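> For reference, the structure I am asking about is given below.
The values are calculated or read from the model by the stated rules, or taken from the named source; none is laboratory data. Only a predicted model underlies this, so the values are computations on that prediction, with no experimental measurement involved. Because the Cβ atoms are built from the backbone with ideal geometry, glycine has one as well, and the counts that use them run over all protein chains shown.
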Amino acid sequence: MQQCFFCSQNMKEVDYKETEMLKRFVSSQAKMVDPKHTGICAKHQRKVATAIKRARFLGLLPYVRK
């Protein structure tokens with residue numbers, strides 16, 4: 001099992017403005033990737049999901065890719 005990316009980097013918060021980092025957790029169809037595939041823990045998965053939703057609302061990340 002992989003160690004969580006955020007736990008290994010010792011990151012406390014997930015910032016919605018860091019779109020390049022958030023793109024690691026979004027599929028090619030702009031869907032949020034399952035934590036089983038990303039290897040992040042449940043606590044950070046919830047924070048990543050919130051950050052992705054905020055970035056989408058502000059137009060920093062797309063809702064859908066065509």
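> Just to check your reading of the model, which residue among VAL48, VAL14 is touching a residue at least 24 places away in the same chain (Cβ under 8 Å) and touching a His at 6+ places or on another chain (Cβ under 8 Å)?
Numbers: VAL48 fails: touching a His at 6+ places or on another chain (Cβ under 8 Å).
Exactly one residue qualifies, and that residue is VAL14.
> Report yes if some residue within the range 18-31 is among the aromatic types (Phe, Trp, Tyr) and under 13 Å from the mean Cα position of the chain (by Cα); otherwise report no.
Within the range 18-31, one or more residues are among the aromatic types (Phe, Trp, Tyr) and under 13 Å from the mean Cα position of the chain (by Cα).
> Here is a further query. Anything in the range 47-60 that is closer than 13 Å to VAL14 by Cβ and over 9 Å from the mean Cα position of the chain (by Cα)? List them, or say none. Before you say what the answer is, go through the steps one by one.
Our first condition is that a residue be closer than 13 Å to VAL14 by Cβ; within the range 47-60, this holds for 47-55.
Once the filter is applied, which keeps residues that are closer than 13 Å to VAL14 by Cβ and over 9 Å from the mean Cα position of the chain (by Cα), the range 47-60 yields LYS53, ARG54, ALA55.
> Taking the range 13-49 as the search range and keeping residues that are touching a Phe, Trp or Tyr at 6+ places or on another chain (Cβ under 8 Å) and β-branched (Val, Ile, Thr), which one is nearest to GLN3 (Cα to Cα)?
ILE40
> I want to confirm something. Restricting to the range 1-59 and keeping residues that are small (Gly, Ala, Ser) and either at negative phi or outside any loop (DSSP other than H, G, I, E, B) (or both), which single residue is surrounded by the fewest Cβ atoms within 10 Å (Cβ to Cβ)? I'd like the intermediate steps shown before the answer.
Quick first cut of the range 1-59, residues small (Gly, Ala, Ser) only: 8, 27-28, 30, 39, 42, 49, 51, 55, 59.
Among the residues that remain, those that are also either at negative phi or outside any loop (DSSP other than H, G, I, E, B) (or both) are: 8, 27-28, 42, 49, 51, 55.
Values: SER8: 11, SER27: 12, SER28: 7, ALA42: 9, ALA49: 14, ALA51: 23, ALA55: 20.
Looking at the filtered set, the residue picked out is SER28.
> If VAL64 passes every condition in (1) loosely packed, with under 13 Cβ neighbours inside 10 Å; (2) β-branched (Val, Ile, Thr); (3) modelled with pLDDT of 95 or more but one, which one does it miss?
(3)
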